[in-house]
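The values are calculated or read from the model by the stated rules, or taken from the named source; none is laboratory data. Please read these numbers as outputs of a predicted model, since none were measured by experiment. Note that each Cβ is placed from the backbone with ideal geometry, even for glycine, and that neighbours are counted across all protein chains shown.
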Amino acid sequence: MRHSANQALGTRAGGLHRRRLLADRLATWLIGLGGLSVVLAILLIFVFVGRVALPLFQGSQLGREQSVSAASGTPMVSGTDSYQDLVWSLDSTGVLHVVDAVRGGSQDLPLPLDSLERVVCVAQEGGLRTDHLAVGTDRGRVVLASVRTWRILEAATPFSQAELELEDPLAALDSLLEEIPGPVEGLAFARGESAGLLAWHGKGRLQVAVEDREMGQWSLPVLPEGVDESPVALAAAPNGERLALATGSGQLLLLQVEDGALSLVARQPLGLSASPTALAFLVGSKRLVAGDATGHLASLVEVQGEAGSRWIAAPLLAAHAAPVTRLVAGPRDRTLLSADAGGGVKLHYATTGRTLVEKSLPGRHFAFSPRGDALVVAGRDSLRRVELRNAHPEISWRALFGSLQYEGYAAPGAVWQSTGGSDDFEPKFSLLPLIFGTLKGTLFALLISVPLALLGAIYISQFAPTWLARTVKPAIEIMAALPSVIIGFLAGLVFAPWLEEKLTLVLSFVVILPLLILFMVPVWQRMPGHKLGPKGLPQLAQGLVLTLIAFLLAWLVAPLLDARLFGGSLIQWLQERAGVVYDQRNSLVVGFALGFAVIPIIFTMAEDALGNVPEALVNASLALGASRWTTVYRVVLPAAAAGVFAAVMIGLGRAIGETMIVLMATGNTPLLDPSPFNGFRAMSACIAVEISEAPLGGTLYRVLFFTALLLFLFTFAINSVAAFIGESLRKRHGRL
Amino acid sequence: MKRASTARDSVPVMVTSLGLVLILLMLALVMWLILSRGFAAFWPQRLEHFQLKDGSALLGEVWERLETPEGQRLRLRTGNREITGQDVQLLDMAEVASSSIPQDAVLLERHENGVFLGWLVGLRGPGLAVEGDGPNLRRNLDKALEHMEEVDGELRSLQEEARRLALKRGRWEEEVERGASVRRVAELEPRLEESARRLQLMESRLDSLRSAADLWRLDLRSADGATTDLPLLQVGRWVPANELGLVGRLGLYLARVGDFLSEDPRESNTAGGVWPAIFGTVLMVLLMSLAAAPLGVVTAVYLHDYARQGFLVRLIRLAVNNLAGVPSIVFGIFGLGFFIYFMGGGVDGAFFGHRLPEPTYGTGGILWASLTLALLTLPVVVVATLEGLSAVSPATRMAALALGATRWQMMRQVVLPNAMPGILTGLILAVSRAAGEVAPLMITGVVKLAPSLALDGDFPFLHLERKFMHLGFHIYDLGFQSPNVEAAKPMLFATAMLLILIVLALNLTAILLRNHLRKRYKQAAF
């Protein structure tokens, strides 16, 4: 019919019609697309946040392997610069081969050795621009040299250049040195910010030289009594203040340099069954790893005991099948490379004990690039560079959700401490204190909000006159609209100091109010004229009067309690008697503030659920002679129970995600302590505080995204459950 | 439905009412606290003079009387920060020998170092020297302050002019550096020279204006008897606090409120006004509405009128519900990662490569903050629009379709106009939520002090990449990151009150609109 009408109207109207239809179709299409946008938005949030967090769990890999040059001679030590433009190795004849990986070509820089003198051992201390080497020869000599590199940025393709700098700091001490009458058997060398340390031994003689870096002077301290002068392995701590020696019987001797003097601070078994073969300190100088001839690794960490620091066994590192030949500490974190005689190489993370990479990579010497993103492997036949993807070695499930023995801590613990003062800092990424904080705050908030909101909702939906309900609902809505930053600021700056002063008052009020009700019940029931005028306001007024009486009583009782029981101040009493520390911004404050924020949410939803119970049910109950209260208690509440539960769930979801209140009303210290009188750090607040300082793509950045993902999943689950309950409830009540 | 309760009922019913009583009491307490202290923040107070037992003296406004076990203490605002080192002091009443309210004490509101409390001693200027407080001095002071205001205005406009010229010059220089054509360089060279000459001229004019203004000095005596002199240019307003009557105080109060609303913050936000924060909040919610409104309305229209009931609709409803429940900080971190680093980084790479590594859009800014909040408030718009759409009766729709309208015509010309109150309600609620939200903004572009507004007279006028100030964040910053929280408290409460009033006004409008809508819904049901 329409078709014929169009024909009658002629082509112009037909065009109009076509345009109309086109517009309609376009609109349908666009609106459909728009409708999906919400789904897309939530998917995008989930996928994007997850994608940022994902690399944390992708582990470390050794990547592309590139042969830089065929080696000449036996490589003793190798390395590269921070751009990996140059790769170098030093062979046993004392010639440094520097290979230019960018432009090709190579350069030989010889050390001033005698013609038949051979390098027998080398200790290396890496840096971003300079590698310090201590070279020991078969004639008992030790030479200090540094490989310095710099980059030419002006060129079209930037390249690097290297030079060999020689130092002869020991020349001045020559007269003091007792020559070692044979080859150098072992060597350790380190340079920290304020101290340097060089130790070598041979033929049963151990020599230690220490450097005062501020004065630029070397000296020879006297060895303490009882030091074994023929260790099987030795290592110097990166700070230049510690020397570790391993004896053939598996004993560890720790020497400490202080004011140029050496002292023996520890002598203890390493915990290895066979003779140690290698020893290395990790970054931070507070972790030590030893390997033995059976391929086992022992890891030790310095912890704070009651009587100063001591060294204890740290997590086991995966063992090799062949004797351990070399241990190399990573340049930036607690990554450690161990190599065995069978050509197997493992990368470990010492804090977690996790094995990052396992691969067969035969070579005589291994070195990390200064940024830790590549390995240099020097073998007899080739010099190779191997890419290393090791961005987040500190992350493991255990690190995120378990306890670890951290440096300097008395016992293993779940600690969140993402940033520290120095580069040596050991990051601690346990999410447990944060999750605990979030749950603690939520619990206190629910303890306060759920009873109040549910009681209020029952009253408004079942007993209050219509006029009261109509006034209260907008008020509650206003309450829901109050910005959380205002609630947080009042909690932190007004309520918290007040509560600190009036703690006894508040606690006695909380105790007195229920007691008063219990006490009033018999009195009330005996009162003949308990029905006072029109309903509604009197009940509310009764409630108000009761509250005021309870407050008055608490106000009278609190000073008495303080004076008689608590010796003047409850807070002092808590601290002295119970050992409970009272922080001004504590969990109680958060409970009240966060409770205040979720009350309107729980109230509104619970009121909705209670109000929607089919009237037929209520009428049936009343018709059977049940009283109003019995009906509410036995019929309405069970019928609406699921909806009320959903209301509490939604409130829980809001409390878990709330940021500003927990940020402002707690001290934000990541603690694992259930006491209501101290603060906590919640996941949300932690993200808010730390994300702006987290470097893009770094571990902290990704861990915070992971925390956000957890929050997202928590709330997603809670909201989905609540939505599901709400829907099934609607269906059930719809049938009635 | 409501039946008479029996005797046994009254106790449990009373207990349920207790819940409501406690909730309402908490709400009332919070509102009273904010409103009373917010309104009181600018109320001119008496200046009280305390003679202490150790011979020294203090002059100050009594902010708070604290009862401690050791006796009464006063929180006193004594001002004169540059002399005493602190604005607010605690005074033990046991140390006070006597107190009085000196009639002639004055309060000076200054552009630097907070207020000065003391007495007027003399006024010096070019060809003028008045000694001793009296009508003569006060008349001259008023006149001189008027003059100073003119000078200040001139200084400001000159500075603004110089700033713009320098900005233009910077652009030209950048152009030359980036390798403009020879012709263009030849064109720019003389301009650069000319502008440099003019900038120099302006500088010298500024210098001479400043040194001329510096000749005006006000001699003052503080409570400890020492006299100082202040450059008059620093003085904004002088108040004979103890001589003012009610009308005078009211006038001063209004003037201070006006300053609060219209001025820039000073002295790390503890003084001055919150104008940039108001501006930033408003601009941010406007931008947010531009993004959230269309998307929210379209989603609701799709859900209500277009989609067939089924899996997809349930999925979308689930998404809306969940989006409403996602913690705001998650939106924030998403905004940071997606909008700022991913999209902003992309925009920078494509259009602002010459400025890298200095980010333009790859750092927090008002655009990204608005988009983040648009996502956050989307469910609010959707839910309210849905309600608005249900208020349009099926009969109305049928009528439109029966007249031969296509579905889109029906939507556009009949349903949407009728659902407008619902859409507006949603938008208002979204704006109210955004005005109070802080956590996601903290990491997507809010700062404690923005150097310039995001909308100004410089091309291209609307600077979407700029960082901005926000009332909610201002509260957080004042209360928790300010070096001097005590001195910031009046500003803190005033800002909180302003924010609460805005949110209240928005919500009341939304509630009224929705009630209006519901009434119509009821009629439409017939």
Determine whether A:LEU252 is buried (at least 17 other Cβ atoms within 10 Å of the Cβ), more than 34 Å from the chain's Cα centre (by Cα) and outside any loop (DSSP other than H, G, I, E, B). no
Take the range A:346-360 and flag every residue that is under 13 Å from A:GLN61 (Cβ atoms) and among the hydrophobic types (A, V, I, L, M, F, W, C). A:LEU347, A:LEU356, A:VAL357
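Looking at A:LEU33, A:LEU56, which one is within 28 Å of A:PHE716 (Cβ to Cβ), more than 10 Å from chain B (Cβ to nearest Cβ) and in a helix (DSSP H, G or I)?
After applying the criteria, what remains is A:LEU56.
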Tally of residues being closer than 25 Å to A:LEU375 by Cα and buried (at least 22 other Cβ atoms within 10 Å of the Cβ) across the range A:300-316: 1
Search result, residues across the range B:297-343 that are more than 7 Å from chain A (Cβ to nearest Cβ), under 29 Å from the mean Cα position of the chain (by Cα) and without any contact (Cβ under 8 Å) to a residue 40 or more places away in the chain: B:MET343
Taking A:GLY653, is it modelled with pLDDT of 95 or more and either within 11 Å of chain B (Cβ to nearest Cβ) or outside any helix (DSSP H, G or I) (or both)? no
Before we move on, is A:LEU446 more than 7 Å from chain B (Cβ to nearest Cβ) and modelled with pLDDT of 95 or more? yes
Please work out if A:ASP131 is acidic (Asp, Glu), more than 13 Å from chain B (Cβ to nearest Cβ), assigned to a strand (DSSP E or B) and on the phi < 0 side of the Ramachandran plot. yes
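Test A:VAL49 against the stated conditions and say whether it is in contact with a Phe, Trp or Tyr (Cβ under 6 Å, 6 or more places away or on another chain) and either under 30 Å from A:ILE687 (Cβ atoms) or basic (Lys, Arg) (or both). Give the steps one after another, and end with the answer.
Numbers: in contact with a Phe, Trp or Tyr (Cβ under 6 Å, 6 or more places away or on another chain): yes; either under 30 Å from A:ILE687 (Cβ atoms) or basic (Lys, Arg) (or both): yes.
Yes; evaluated as a whole, the condition is true for this residue.
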I'd like the full set of residues that are of a type in the set (Ser, Thr, Tyr) and either surrounded by fewer than 23 Cβ atoms within 10 Å (Cβ to Cβ) or assigned to a loop (DSSP other than H, G, I, E, B) (or both), limited to the range A:566-600. A:SER569, A:TYR582
Residues in the range B:272-281: is at least one within 31 Å of the chain's Cα centre (by Cα), assigned to a helix (DSSP H, G or I), crowded, with 24+ Cβ neighbours inside 10 Å and more than 12 Å from chain A (Cβ to nearest Cβ)? yes
Conditions (1) closer than 28 Å to B:PHE468 by Cβ; (2) in a helix (DSSP H, G or I); number of the one not met by B:ALA400: (1)
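Identify, from the list A:ALA445, A:ALA469, the residue that is of a type outside the set (S, T, N, Q), within 25 Å of A:GLY591 (Cα to Cα) and not in a loop (DSSP other than H, G, I, E, B). Please lay out each step first, then the result.
Working: A:ALA469 fails: within 25 Å of A:GLY591 (Cα to Cα).
Step by step, each of A:ALA445, A:ALA469 is checked, and only A:ALA445 is of a type outside the set (S, T, N, Q), within 25 Å of A:GLY591 (Cα to Cα) and not in a loop (DSSP other than H, G, I, E, B).
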Kindly evaluate A:VAL648 against the criterion of being closer than 15 Å to B:GLY325 by Cβ and in contact with a Leu (Cβ under 9 Å, 6 or more places away or on another chain). yes
Odd one out for A:ALA475, checked against (1) within 7 Å of chain B (Cβ to nearest Cβ); (2) in contact (Cβ under 8 Å) with a residue 24 or more places away in the chain; (3) over 21 Å from A:SER684 (Cα atoms): (2)
Counted residues in the range A:178-191 being at pLDDT below 85 and either over 17 Å from A:ASP138 (Cα atoms) or within 33 Å of the chain's Cα centre (by Cα) (or both) come to 0
Quick one: how many residues across the range A:612-630 are touching a residue at least 60 places away in the same chain (Cβ under 8 Å) and either facing chain B (nearest Cβ under 10 Å) or polar (S, T, N, Q) (or both)? 2
Checking A:THR355 against (1) without any contact (Cβ under 8 Å) to a residue 40 or more places away in the chain; (2) crowded, with 18+ Cβ neighbours inside 10 Å, which single condition isn't satisfied? (2)
Name the pairs whose Cβ atoms lie under 6 Å apart, with the first residue in the range A:224-245 and surrounded by fewer than 21 Cβ atoms within 10 Å (Cβ to Cβ), the second of a type in the set (Lys, Arg) and not in a loop (DSSP other than H, G, I, E, B), and 6 or more positions between them or separate chains? A:GLU229/A:ARG205
Out of A:ALA391, A:ALA374, A:ALA367, A:ALA399, I need the residue that is crowded, with 21+ Cβ neighbours inside 10 Å and under 28 Å from A:ILE691 (Cβ atoms). Which one? A:ALA399
Would you confirm whether any residue within the range A:618-628 is touching an Asp or Glu at 6+ places or on another chain (Cβ under 7 Å), of a type outside the set (S, T, N, Q), assigned to a helix (DSSP H, G or I) and farther than 26 Å from A:TRP498 by Cβ? yes
What number of residues within the range A:455-464 are within 7 Å of chain B (Cβ to nearest Cβ) and out of contact with any Leu (no Cβ under 6 Å at 6 or more places or on another chain)? 4
In this structure, is A:SER684 closer than 21 Å to A:ALA414 by Cβ, in contact (Cβ under 8 Å) with a residue 24 or more places away in the chain and not in a helix (DSSP H, G or I)? no
All conditions in (1) within 11 Å of chain B (Cβ to nearest Cβ); (2) out of contact with any Gly (no Cβ under 9 Å at 6 or more places or on another chain); (3) among the hydroxyl-bearing types (Ser, Thr, Tyr) are true of A:TYR701 except (2)
Within the range A:44-53, does at least one residue satisfy the condition of being in a helix (DSSP H, G or I), free of Cβ contacts under 8 Å to residues at least 60 places away in the same chain, facing chain B (nearest Cβ under 8 Å) and under 30 Å from B:LEU303 (Cα atoms)? yes
Could you list, in sequence order, the residues of the range A:187-206 that are among the hydrophobic types (A, V, I, L, M, F, W, C) and within 9 Å of A:SER230 (Cβ to Cβ)? A:LEU206
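Which fully enclosed strands (runs of 3 or more DSSP E) of the range A:291-381 have 3 or more residues being of a type in the set (Gly, Ala, Ser), modelled with pLDDT under 90 and farther than 26 Å from A:VAL99 by Cα?
Passing ranges, in order: A:308-313.
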Return the residue satisfying two criteria in turn: it lies in the range A:192-226 and is among the β-branched types (Val, Ile, Thr) and not in a loop (DSSP other than H, G, I, E, B), and of such residues it is nearest to the chain's Cα centre (by Cα). A:VAL210
Condition met for A:LEU672 (in contact (Cβ under 8 Å) with a residue 24 or more places away in the chain, away from every other protein chain (no Cβ under 12 Å) and part of a helix (DSSP H, G or I)): no
